[in-house]
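Trainee: Got a structure for you, written out below as structure tokens; questions coming shortly.
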Amino acid sequence: MTKSSIRDENIVYQVAVPSPLREVFDYLPKNPGQSIYPGSRVVVPFGNRTVIGFVISTTSKSQIAPHKLKYIKDILDYEPVVSEEILSILKWSSQYYHHPIGQVLAAALPKKVRGANPVKPMIKIWKSLEFVPEEKLELVENAPRQKALLDLLQQNWLPKADINEAGFSDSVIKELQKKELIFELTKPDFKRETYAPISERNPKAMLLNRDQKSALTAINRTENNFQCFLLYGVTGSGKTEVYMQAMQQHLAKGRQCLVLVPEIGLTPQTLNRLTERFECPIRTMHSGLSDSERLESWNMAREGQAGILIGTRSSVFSPFSDLGIIIVDEEHDNSFKQQEGFKYSARDLAIFRAKKKNIPIILGSATPSLETLQNVQSGKYKQLSLLKTAADTPLPSRLLIDTSKQTITHGLSETLLTKIKKHLDAKKQVLVFINRRGFAPALSCQNCGWVAECSNCMSQKTVHIHPPSICCHHCGEVSELPKKCPACNLSKLETLGVGTQKLETFLRDHFKRTPIFRIDRDSTRHKNQLNEMLDQIAIGESCLMIGTQMIAKGHHFPNITLVAIINADTGLFSPDFRGQEYMAQTITQVSGRTGRANQRGEVIIQTRHASHVALQNFMRGGYNEFASIILEERKNGRMPPFWRLAILKANSRALTTSIKFLASCEDFIQDINNKYHQKVESIGPFPAPLEKRGGKFRAHLMLKSNTQATLQRLLTELVKRLDKIKTKPGLKWYLDVDPADLT
Ligand code: ADP
Ligand code: ZN
Ligand code: ZN
């Protein structure tokens, strides 16, 4: 910690409090002789409450009149609990995403770090006054031992035992205390020793193939410098092996590694693999941990006792004593973008952090995001390709089935059913992918056309059969499955479309002797349900799996020879400009589940639009060629990653209120554009693709610019102005910077 004393007599502390207000609040110190370092928790009066806040910065010029300033009630940390590095990342994120700093802190820090309790067991230490006035110095002029101890304690904060060990008796301490030059306080007992570095050579490391070797060489070359690498390789191409060998050299030097995974479900397998390889302490950080476990991981990373931290999104804000490298696995994954509240991208912040810290970062993916590919093209990132799978399995064959030309039963074409049977007869495993959980996506009346809709959202309700119900997947509203049509009272209700449960029912009936596993959010709600199924599947016996997005990611199923994608069309006609990118990523990811361990896999893609250009491009050139075509389209359409995007969102109880509010923002935007002689384009306002959710009507105004600086300049000023105006009761507005989707 730097102990740069803040010598200003008029010092005012700027404190972030847990509130939706954007600004920091000014407070006077309790005791002006004692400085408080940014990153420390303090107890302050706020309105008519007392809250815990974080000191963010100091100033000598408060906007508040001196007699109106309130006092800090209590200092919880003399040694800041949030390091300078983390604090600066948080401040930057708060500005970039235009989210209140108090809420940024709340989202980024473990609960126990934000509370009133110490983050570690406390110890007592002795500390000197930070700045000793002249007249006080005279008090020790003729007492050399006291002067020596004072000097020592100005440099270090020490427990009594250490002071005694340095040769000072208790009476010297007492004398200085009496003169009010030193005092005793309690502070968390942060450990100073780090984990024991591991050896440079790891006997478990595999002999790398040529691509892996050149990737590793490139990464190792940048040991102490910032460089963002894209490790581009299909599932099974040995990316994890490269990560591990790159981590090895940092761990051998006692440095730490941060491994970000897109979702909690992927932490156990990553943990297993790294534990098998490395002897150093490895910790995880995700929402499945208890508050105490999280705090422990946080402390171990902070103190340098954990060599590796594996975590989801918010672990990008974890403190480290000596971070050497960051790895973002499945970097394209949408889950890295927080969708509610503080809408940050953990991947982007990881890159920002690596850059500030001047360390390497590896983004790994079989289907890199277009942002990343564009950054490679422009030379900002360096691409390292793993062209073959490690076991040299041939890529799976791909077949497109036009469902508009075949009889379809429960979502499955004749051709597909025959194929499934063939693979099952050969004692293989088959994966059927469908991105809809539940029984069917809609319930409708054959007589009058009534459709079950959610009363809170402008959306159809999904039919579930265990228990029989209709459920809104946006707000969770559940009601009983009606037996008769509520509109015409006839018993002519039918389900429309196919979900995982309907598919399961049909396939169980069709393949009576085959074990069937349905893997979706509903079938894995209870602890261990997922793991039990995965263990069963891992035995390798012939079976059928029906799964959603959940199984598209990461999991290893060695005996799958056929993967079927039931409906590839959702992405083709999505209102979202990223729809096609997601479609191609999903198909590629799901396809990656097959074709391991020396057997060529087959992938079948069902579509009603077999001649769609995007799909044709994908079938012809795979993800890579598809991506370069889409990139060209984005460039011409002036969309990300070439242009920068932010969406100003409003919601309220009436659509017109939301729309009107956004329309009124247009004047501000014009005005700001004029002021800076710039042109940020605004598009809209228009109703959001999901117009009503949870009882609120939602509207969007899209803002875009060809440079980030221009867009940011506009957003900063726009937010300032919007904060000042009084909006209609019930109307809320917020910004989504670099949105992951447009819903
Ligand atoms: P990815 O992370 O790209 O999916 P992995 O690193 O998990 O790939 O590698 C896939 C499989 O290939 C694993 O079983 C791994 O042990 C093995 N493997 C990786 N690299 C090599 C190598 N150089 N030689 C032999 N096997 C390898
Ligand atoms: Zn009806
Ligand atoms: Zn709803």
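Trainee: Scan (1) buried (at least 23 other Cβ atoms within 10 Å of the Cβ); (2) under 22 Å from GLU602 (Cβ atoms); (3) free of Cβ contacts under 8 Å to residues at least 60 places away in the same chain for the single condition THR367 breaks and write down its number.
Mentor: (3)
Trainee: For the subset of the stretch 183-223 comprising residues that are polar (S, T, N, Q) and outside any loop (DSSP other than H, G, I, E, B), which member is least open to solvent (accessible area, probe 1.4 Å)?
Mentor: GLN212
Trainee: Of all residues in the stretch 269-300, which are within 20 Å of GLU331 (Cβ to Cβ) and surrounded by fewer than 20 Cβ atoms within 10 Å (Cβ to Cβ)?
Mentor: GLN269, LEU271, ARG273
Trainee: Cβ-Cβ distance below 7 Å, separation of 6 or more or different chains: which pairs start in the stretch 171-194 with a residue that is on the phi < 0 side of the Ramachandran plot and end on one that is among the hydroxyl-bearing types (Ser, Thr, Tyr) and open to solvent by less than 70 Å² (accessible area, probe 1.4 Å)?
Mentor: LEU181/SER128; ILE182/SER128; LEU185/TYR78; LYS187/TYR78; THR194/SER321
Trainee: Pull up the stretch 317-358, narrow it to residues that are hydroxyl-bearing (Ser, Thr, Tyr) and farther than 18 Å from ALA646 by Cβ, then point me to the one that is most open to solvent (accessible area, probe 1.4 Å).
Mentor: SER321
Trainee: Looking only at the stretch 328-344, decide whether some residue is assigned to a helix (DSSP H, G or I), within 23 Å of GLY579 (Cα to Cα) and modelled with pLDDT under 95.
Mentor: yes
Trainee: Further question on the same structure: If you scan the stretch 418-465, which residues turn out to be more than 14 Å from ligand 3 (Cβ to nearest atom), open to solvent by 60 Å² or more (accessible area, probe 1.4 Å) and within 32 Å of the chain's Cα centre (by Cα)?
Mentor: Listed by number, the residues that qualify are ASN435, ARG436.
Trainee: So how many residues does the stretch 596-642 have that are among the basic types (Lys, Arg) and part of a loop (DSSP other than H, G, I, E, B)?
Mentor: Final tally of qualifying residues: 4.
Trainee: Return the residue satisfying two criteria in turn: it lies in the stretch 669-713 and is touching a Lys or Arg at 6+ places or on another chain (Cβ under 6 Å) and under 16 Å from ASP736 (Cβ atoms), and of such residues it is surrounded by the fewest Cβ atoms within 10 Å (Cβ to Cβ).
Mentor: GLN708
Trainee: Is the stretch 58-69 home to any residue that is closer than 30 Å to LEU349 by Cα, part of a helix (DSSP H, G or I) and in contact with a strand residue (DSSP E or B) (Cβ under 7 Å, 6 or more places away or on another chain)?
Mentor: Checked against the condition, which is being closer than 30 Å to LEU349 by Cα, part of a helix (DSSP H, G or I) and in contact with a strand residue (DSSP E or B) (Cβ under 7 Å, 6 or more places away or on another chain), the stretch 58-69 yields no hits at all.
Trainee: Can you find a residue that is away from ligand 2 (no atom under 16 Å from the Cβ), surrounded by fewer than 17 Cβ atoms within 10 Å (Cβ to Cβ) and touching a residue at least 12 places away in the same chain (Cβ under 8 Å) anywhere in the stretch 484-497?
Mentor: no
Trainee: Restricting to the stretch 129-149, count the residues that are over 18 Å from TYR78 (Cβ atoms) and either crowded, with 16+ Cβ neighbours inside 10 Å or in contact (Cβ under 8 Å) with a residue 24 or more places away in the chain (or both).
Mentor: 8
One line per residue, one yes/no per condition, for (1) modelled with pLDDT of 90 or more; (2) closer than 12 Å to LEU496 by Cβ:
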| site | (1), (2) |
| --- | --- |
| LEU416 | yes, no |
| LYS419 | yes, no |
| PHE433 | yes, no |
| CYS445 | yes, yes |
| GLY449 | yes, yes |
| ALA452 | yes, yes |
| MET458 | no, no |
| ILE465 | no, no |
| PRO468 | yes, no |
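Trainee: Follow-up. Condition first: away from ligand 1 (no atom under 16 Å from the Cβ), surrounded by fewer than 19 Cβ atoms within 10 Å (Cβ to Cβ), in a strand (DSSP E or B) and more than 19 Å from the chain's Cα centre (by Cα). Can you find one or more residues in the stretch 372-387 that meet it?
Mentor: Checked against the condition, which is being away from ligand 1 (no atom under 16 Å from the Cβ), surrounded by fewer than 19 Cβ atoms within 10 Å (Cβ to Cβ), in a strand (DSSP E or B) and more than 19 Å from the chain's Cα centre (by Cα), the stretch 372-387 yields at least one hit.
Trainee: Could you count how many residues in the stretch 504-523 are surrounded by fewer than 19 Cβ atoms within 10 Å (Cβ to Cβ) and of a type in the set (Ser, Thr, Tyr)?
Mentor: Here the count works out to 2.
Trainee: When you look at THR240, is it modelled with pLDDT of 90 or more, in contact with a Lys or Arg (Cβ under 8 Å, 6 or more places away or on another chain), in a helix (DSSP H, G or I) and more than 16 Å from ligand 2 (Cβ to nearest atom), yes or no?
Mentor: yes
The values are calculated or read from the model by the stated rules, or taken from the named source; none is laboratory data. Please read these numbers as outputs of a predicted model, since none were measured by experiment. Cβ atoms come from the backbone with ideal geometry, glycine included; neighbour counts cover every protein chain shown. Heavy atoms of the whole protein, side chains included, go into the accessibility calculation; ligands, DNA and RNA do not. Shrake-Rupley method; radii C 1.70, N 1.55, O 1.52, S 1.80 Å.
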